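Here the structure comes first, spelled out in structure tokens, and everything after it is commentary.
Please treat every number below as a calculation from the coordinates, not as lab data. On a predicted model such as this, the values are computed, not experimentally measured, just so you know. Cβ atoms come from the backbone with ideal geometry, glycine included; neighbour counts cover every protein chain shown.
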Amino acid sequence: MNNNRKMVWLVPAVLAAAAAALFFGAVKNAGPDIIWGLRLPRILAAAVVGAGLGFSGSVFQGLLKNPLSDPYILGTSAGAMAGAVLCSALGIGRAEPLFYVVVFTGAFLATFLTYSLAKIKNHPSVAHLVLAGVAVSTFLTALIMLFMTLYREHSLSLVYFLLGGFFPADNSLLAVSGGIVAGAVGAGAMLWRYLDIFSLGEEKASYLGADPDMIRLAFFALASLATAAAVALAGTVGFVGLIVPHILRLVFGASHRRLLVSSALGGALFLILADAVARTAAAPVEIPVGVITAVFGAPFFIWLLRRTAGEG
Amino acid sequence: MTSLIKAENIKFSYNGTPAVAGVNFELLEKDFLAIIGPNGSGKSTLLRLISGFLAPSEGSAGLLGRNVRAYPKAELARLIAYVPSELYVPYDFSVFEIVLMGRSPYVAWWRNYSEADTIRVLEILRKVGIPDLKDRSVNSLSSGERQLTFIAQALAQDPKLLLLDEPTSHLDINYKIQIFELLARLASTGGMGVAVVSHDLALLSAYAGKALILKKGGQVFYGPAEEGLSGVNIASAYGIRDAGSIARLLPHMVNRGKMA
């Protein structure tokens, strides 16, 4: 079976997981209002968030020639969170268009900050990029914590947001985030060739006729859009963007021709399943889905770190 | 013969330290130019300057009569291809996918590679002698096969000028000969200009037509390789005091020097 045909199977796999997830939950023999009114929007939210993060991860890993990248590690998610917290401080509601603008700006600026800090020589090394990402994330998280300490009236809703999860799945937010993720994935699918040549490094990409500054800007914008849309729905859910592209590369090969779209689909699949576990594993208590992804993701990150140590 | 590259008094400094100090040479179609010199004499930096990747701090590099820095990136990539000495590839791209990337400068940004690009890539894989490696991961290859893959990628750009930075430095003698034969053929029958930075003096003296010899802080020689790759010039460029050691190790060069 060739790789294009294999990719087609991801769509029914996502649909099957979503259908199965409808019947998983804390309530046994749930009625139609629970299944369609509560679980379906939540499964759709998991799909949108997973797609956005999986796509962003595959973009960052290709663009930065760095297998250890994802929106969580590079500080993109923390930037989006800081934007969301700023909105909360300024009284900008999550349904307002300005909310998305601020969250996107936070994501984009944090990504560029990490990149600029890491870029000591021609091209940032794998380790420098991860360290810069940690520094940016830690700093932004500290600001968020400071805000929460000073303005306690906001902090309870923000705690859930920080842990990552789908507690208030609002339908208009779902539609806006879904549209943004679909648009970003569509644009990425058109520009995939540039991620292939950037996987050889910025210098080689330049010799192959690409303008590195322009391409970097375009993909940072697309990945920040998709991450911002995900964070707006579910807060910071880590490691989806790290794990999913690595697994799918083993199945579909390294070329971004298939990797970008399949990472979006694979991210959706992964997060639908993780959320089903989050809802049922310790029922009636719900585990934040970010906790589930971190439990799988952090060991995976360590394994990758050891494997890539000393390269690039 | 058309002049491809004309370098006029090119200078370049990294943070105030001069890396390339006043280099002059010309590269024509069908030229096979050897660029040699000790470590730190600015050979690799010179390749980045004449390919337009870096801007010289003084002097200029002209490509087909126009400043190389004035070309749009895609147009430049259709004229000049560059093969770096080592390239780490974090993901398992197939050889075909790597070579296909060489067609990038011919594809408009919103489009995909065409059928014609695929055909060209298959032609080039045959020409370079690696059609059987097509579906192999680039990270599973031997160093020699890997180097041939990146030369094939450069050839997929259909360039007029091919620049290579130490293409054979960690290869066995079989691949060294194979690659130098290929480069010589590309220059003589393909009509390409080929410039090679290398420390393989014996191979260069057998294949290169012209030589550019650099030393720290300047240029020792530019001209025909037969005349330039002499014991005297090499001793001067590399700072070898005992010229007798060159006579023992590379006797053909010393003899050539006497003839000139």
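Below, the figures for the structure above:
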read-out: Whole-Hz ³J(HN,Hα) from phi, Karplus 6.51 cos²θ - 1.76 cosθ + 1.60, for the stretch A:242-250, glycine and proline x; value: 7, 6, 4, x, 5, 5, 6, 4, 5
read-out: Least to most buried among A:115, A:151, A:160 (fewest other Cβ within 10 Å first); value: A:151, A:160, A:115
read-out: Residue order, fewest to most beta carbons within 10 Å, for B:13, B:44; value: B:13, B:44
read-out: Total charge dipole magnitude, chain A, about the Cα centre, Cβ charges on Lys, Arg, Asp, Glu only, Debye to nearest 20; value: 680 debye
read-out: Neighbour count of at most 11 Cβ within 10 Å plus DSSP loop: longest trypsin sites (Lys or Arg not before Pro)-free window in chain A; value: A:122-312
read-out: Residues whose placed amide H lies under 5 Å from that of residue B:215, excluding near-sequence neighbours; value: B:220
read-out: For residue A:211, distant residues with modelled amide H under 5 Å away; value: none
read-out: Within 10 Å of each Cβ in B:69-75, the average number of Cβ atoms from other chains; value: 2
read-out: Cα lying deepest toward the dipole's positive end in chain A, options A:253, A:74, A:56, charges on Cβ; value: A:253
read-out: Computed [θ] at 222 nm, helices only, for the protein assembly as shown once each DSSP H run of length n ≥ 4 contributes -39500 (n - 2.57); value: -18500 deg cm²/dmol
read-out: Positive-end residue of B:64, B:52, B:39, charge dipole of the stretch B:28-74 with Cβ unit charges; value: B:52
read-out: Residue-averaged beta-carbon neighbours from other chains (10 angstrom radius) around B:103-112; value: 4
read-out: ³J(HN,Hα) computed for each position of the stretch A:257-271 - Karplus, 6.51 cos²θ - 1.76 cosθ + 1.60, integer Hz, glycine/proline x; value: 3, 9, 5, 5, 5, 5, 5, 5, 5, x, x, 4, 4, 4, 6
read-out: The stretch B:19-98 versus the stretch B:131-188: alpha-carbon centroid distance in Å; value: 17 Å
read-out: Relative exposure of A:252, A:147, judged by other C-beta atoms within 10 Å (fewest first); value: A:147, A:252
read-out: Point-charge dipole on Cβ atoms (K/R +1, D/E -1) for chain B, about Cα centre, debye to 20; value: 500 debye
read-out: Check: the protein assembly as shown dipole with +1 on Lys, Arg Cβ and -1 on Asp, Glu Cβ, in debye; value: 380 debye
read-out: ³J(HN,Hα) computed for each position of the stretch B:65-70 - Karplus, 6.51 cos²θ - 1.76 cosθ + 1.60, integer Hz, glycine/proline x; value: x, 10, 4, 4, 6, 8
read-out: Distant-in-sequence amide H partners of residue B:82 (H built 1.01 Å from N, under 5 Å); value: B:163
read-out: Hits among lysines - C-alpha to C-alpha of residue A:6 under 27 Å, sequence gap 8 or more where chains match; value: A:65, B:134
